[in-house]
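To start, the structure itself, in structure tokens.
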Amino acid sequence: MSKFTYPETLNDLIKETQETMRVSGVPYPVPARDKQFGGDHYKRMGVEPWDVVDTWPIEQRVGYYRGGALKYIMRLGNKDERLQEAQKGLHYQEKLVEILKAEQKDSAVVGVSGRSYRTVDPK
């Protein structure tokens, strides 16, 4: 069994990722879909995998993005450079936060009868 090593603190990882993006000319913050670590193979596609995933029901999307983040953190340093894998894991976490925020904003309240009622922002 291989020994799992944790990256530096999450704040250090975020700062390093921000610096990498600044040096490469990518503004921060930027939506997760608009960036890619480790090449441009997804950006060259007409339809990216995340475009397809984002058509799935919310629980499936949550599972997919959680699994992606876990994959990169668990294999840290075993395939690519540790920083690159940590950035990829963080990228999935950022996407997860984005979809959870969108879900919260568009959430429905389900009554006892099973009917859905949309919440209305009083503003």
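The values are calculated or read from the model by the stated rules, or taken from the named source; none is laboratory data. Note that this is a predicted model, so its numbers are computed, not measured. Positions of Cβ are generated from backbone atoms using ideal geometry, with glycine treated the same way; all protein chains shown enter the neighbour counts.
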ask   = Could you give every pair whose Cβ atoms fall below 8 Å, whose first residue belongs to region 96-114 and is surrounded by fewer than 12 Cβ atoms within 10 Å (Cβ to Cβ), and whose second residue is modelled with pLDDT of 90 or more, counting only separations of at least 6 or pairs across chains?
value = none
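I'm trying to understand the selection: among the residues of region 52-67, which are under 13 Å from the mean Cα position of the chain (by Cα) and assigned to a helix (DSSP H, G or I)? First the steps, then the outcome.
Step one: list which residues in region 52-67 are under 13 Å from the mean Cα position of the chain (by Cα), which gives 53-54, 61-67.
Matches in region 52-67: Val53, Arg61, Val62, Gly63, Tyr64, Tyr65, Arg66, Gly67.
Scan region 26-42 and give yes if some residue there is at pLDDT below 85, in a helix (DSSP H, G or I) and among the hydrophobic types (A, V, I, L, M, F, W, C), otherwise no. Please lay out each step first, then the result.
Initially, region 26-42 is screened for residues at pLDDT below 85, giving 26-42.
Remaining after also requiring in a helix (DSSP H, G or I): 32-34.
Then keep just the ones that are among the hydrophobic types (A, V, I, L, M, F, W, C); that gives 32.
Yes, region 26-42 contains at least one residue that is at pLDDT below 85, in a helix (DSSP H, G or I) and among the hydrophobic types (A, V, I, L, M, F, W, C).
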Residues within region 45-62 that are in contact (Cβ under 8 Å) with a residue 24 or more places away in the chain and surrounded by fewer than 12 Cβ atoms within 10 Å (Cβ to Cβ), tallied = 0
ask   = Is it the case that region 73-81 has a residue that's small (Gly, Ala, Ser), at pLDDT below 75 and not in a helix (DSSP H, G or I)?
value = no
